[in-house]
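The structure under discussion appears below in the form of structure tokens.
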Amino acid sequence: ARELASAGFNMVLPNMLWGGRAHYASDVLPRSNTFRQHGDQIDQCVAACQRHGLEVHVWKVNWNLSGAPADFIQQIHDEGRNQVSVDGQSHDWLCPSHPKNQKLELDSMLEVAEKYAVDGLHFDYIRYPDRTKCYCDGCRRRFETQCDQKVANWPQDCFSGDLRAEYAQWRCDQITKLVQAVRVKAKQVRPDLKISAAVFGAYPSCRESVAQDWPSWIKAGYLDFVCPMDYTQSDPQFMELVSSQLELVSDRIPIYPGIGQWRLSEDRTVGQIHLARQLGADGFTMFDLTPESIRSAVPAIGSGIGKKKARPPHK
């Protein structure tokens with residue numbers, strides 16, 4: 001925290017919870033080995049960052065069950081709450097349309113806001129894995145009921161047939177439903193809490209591929225800032241993505257383009273920060289903070305560009 005602050009950073013987005021594990025004293029999700037071995041990570045992070053004037057926006061990996069205990073994953077499968085691909089294969093992701101999963105995701109994020117003096121909640125993986133999911137039996141029932149549609153040839157009618165467009169919108173609605181619920185409930189807990197999301201850089205293709213309609217969240221007022229994941233080594237492509245995103249956001253909220261520092265040299269990391277500012281972005285996020293980046297990219301930023309007036313967050 002001290003080194004980040006001295007380099008000009010003003011915010012961290014620490015990854016503290018997933019779909020089935022938490023690195024803090026959660027009463028909602030299984031507590032991780034990291035928590036058991038090293039203690040409450042949110043508590044320690046907030047204490048360190050407050051000493052050095054850094055905001056803490058806790059980052060959740062939504063839906064994804066990676067790293068969850070085997071018995072928890074088995075329970076999800078037994079209850080029919082996991083995702084199923086169009087070819088009938090089960091996957092270790094929570095099905096977004098299942099009411100219990102919506103509640104689990106909501107409750108876990110609200111728990112963070114209620115227990116800790118954090119500055120915000122940050123969505124990641126707030127989407128489906130890809131277009132081939134989810135086509136579980138529960139999705140069929142809920143789609144038919146909510147959209148008043150009978151699917152004669154499941155799942156092909158919804159995947160590539162006459163109902164493809166309706167099902168694509170319905171998938172988007174399941175993701176948006178959680179974003180809206182967290183926004184409304186978290187603001188009731190802490191009106192000053194900021195809600196943000198890491199989102200796919202290329203739009204509108206991400207609506208179809210992963211059901212992530214993030215511009216609609218911004219138009220509806222669900223986000224306080226957005227972090228498109230513009231992780232490219234190509235400066236022209238980075239500029240094209242940021243320019244498009246600025247047009248989509250249209251000054252409604254701040255935009256902090258995500259820079260893929262892990263795949264860039266120090267000079268190109270600094271170069272993309274400069275390009276983002278030149279294009280009119282409000283800041284940037286840098287992915288990711290590691291022992292290597294704290295020794296290389298962070299000091300490089302702090303030697304000059306990090307000292308400018310508009311100071312960036314760090315993811």
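The values are calculated or read from the model by the stated rules, or taken from the named source; none is laboratory data. Just so it is clear, the structure is predicted and the values come from calculations on it, not from any experiment. With ideal geometry, Cβ positions are generated from the backbone for all residues, glycine too; neighbour counts draw on all protein chains shown. Accessible surface is based on the protein model in full, side chains and every heavy atom, while ligands, DNA and RNA are left aside. Shrake-Rupley method; radii C 1.70, N 1.55, O 1.52, S 1.80 Å.
Does region 126-139 contain at least one residue that is in contact (Cβ under 8 Å) with a residue 60 or more places away in the chain, touching a Lys or Arg at 6+ places or on another chain (Cβ under 7 Å), part of a loop (DSSP other than H, G, I, E, B) and more than 15 Å from Lys177 (Cα to Cα)?
For region 126-139, residues in contact (Cβ under 8 Å) with a residue 60 or more places away in the chain, touching a Lys or Arg at 6+ places or on another chain (Cβ under 7 Å), part of a loop (DSSP other than H, G, I, E, B) and more than 15 Å from Lys177 (Cα to Cα): absent.
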(request) Please enumerate the residues belonging to region 107-123 that are open to solvent by 10 Å² or more (accessible area, probe 1.4 Å), in a helix (DSSP H, G or I) and out of contact with any Ser or Thr (no Cβ under 9 Å at 6 or more places or on another chain). (result) Asp107, Leu110, Glu114
(request) Among the residues of region 262-282, write down those that are touching a residue at least 40 places away in the same chain (Cβ under 8 Å) and within 19 Å of Val12 (Cβ to Cβ). (result) Asp282
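Considering only region 154-168, state which residues are open to solvent by 80 Å² or more (accessible area, probe 1.4 Å) and over 20 Å from Gln212 (Cβ atoms).
Of the residues in region 154-168, the ones open to solvent by 80 Å² or more (accessible area, probe 1.4 Å) are 162, 164.
Listed by number, the list holds a single entry, Asp162.
Residue-by-condition table, conditions (1) at pLDDT below 95; (2) in a helix (DSSP H, G or I); (3) surrounded by fewer than 18 Cβ atoms within 10 Å (Cβ to Cβ):
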residue: Gln233; (1), (2), (3): no, no, yes
residue: Gln245; (1), (2), (3): no, yes, no
residue: Leu248; (1), (2), (3): no, yes, yes
residue: Thr269; (1), (2), (3): no, yes, no
residue: Gln272; (1), (2), (3): no, yes, no
residue: Ala276; (1), (2), (3): no, yes, no
residue: Gly283; (1), (2), (3): no, no, no
(message) Of everything in region 171-215, what is of a type in the set (Gly, Ala, Ser) and out of contact with any Gly (no Cβ under 7 Å at 6 or more places or on another chain)? Give them in sequence order.
(response) Ala181, Ala186, Ala197, Gly201, Ala202, Ser205, Ser209, Ala211
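Collect the residues in region 31-57 that are in a helix (DSSP H, G or I) and either of a type outside the set (S, T, N, Q) or open to solvent by less than 40 Å² (accessible area, probe 1.4 Å) (or both), keeping them in residue-number order.
Step one: filter region 31-57 for residues in a helix (DSSP H, G or I), giving 33-38, 41-51.
Across region 31-57, the qualifying residues are Phe35, Arg36, His38, Ile42, Asp43, Cys45, Val46, Ala47, Ala48, Cys49, Arg51.
For Val184, are the conditions met, namely being part of a helix (DSSP H, G or I), β-branched (Val, Ile, Thr) and open to solvent by 50 Å² or more (accessible area, probe 1.4 Å)?
Yes: the conditions hold for Val184.
Among the candidates Lys100, Lys60, which residue alone is closer than 21 Å to Val179 by Cβ, outside any loop (DSSP other than H, G, I, E, B), free of Cβ contacts under 8 Å to residues at least 40 places away in the same chain and among the charged types (D, E, K, R)?
Values: Lys60 fails: free of Cβ contacts under 8 Å to residues at least 40 places away in the same chain.
Being closer than 21 Å to Val179 by Cβ, outside any loop (DSSP other than H, G, I, E, B), free of Cβ contacts under 8 Å to residues at least 40 places away in the same chain and among the charged types (D, E, K, R) holds for just one of Lys100, Lys60, which is Lys100.
Filter region 252-263 down to the residues that are in a loop (DSSP other than H, G, I, E, B) and within 13 Å of Gln237 (Cβ to Cβ), then identify the one that is farthest from the chain's Cα centre (by Cα).
Residues of region 252-263 that are in a loop (DSSP other than H, G, I, E, B), as a first pass: 252-254, 256-257, 260.
When the remaining residues are screened for being within 13 Å of Gln237 (Cβ to Cβ), the result is 257, 260.
Numbers: Pro257: 13, Gly260: 15 Å.
The extreme case among them is Gly260.
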(message) Let me confirm something: among Thr132, Thr145, which residue is buried (at least 17 other Cβ atoms within 10 Å of the Cβ) and either modelled with pLDDT of 95 or more or under 29 Å from Val28 (Cα atoms) (or both)?
(response) Thr132
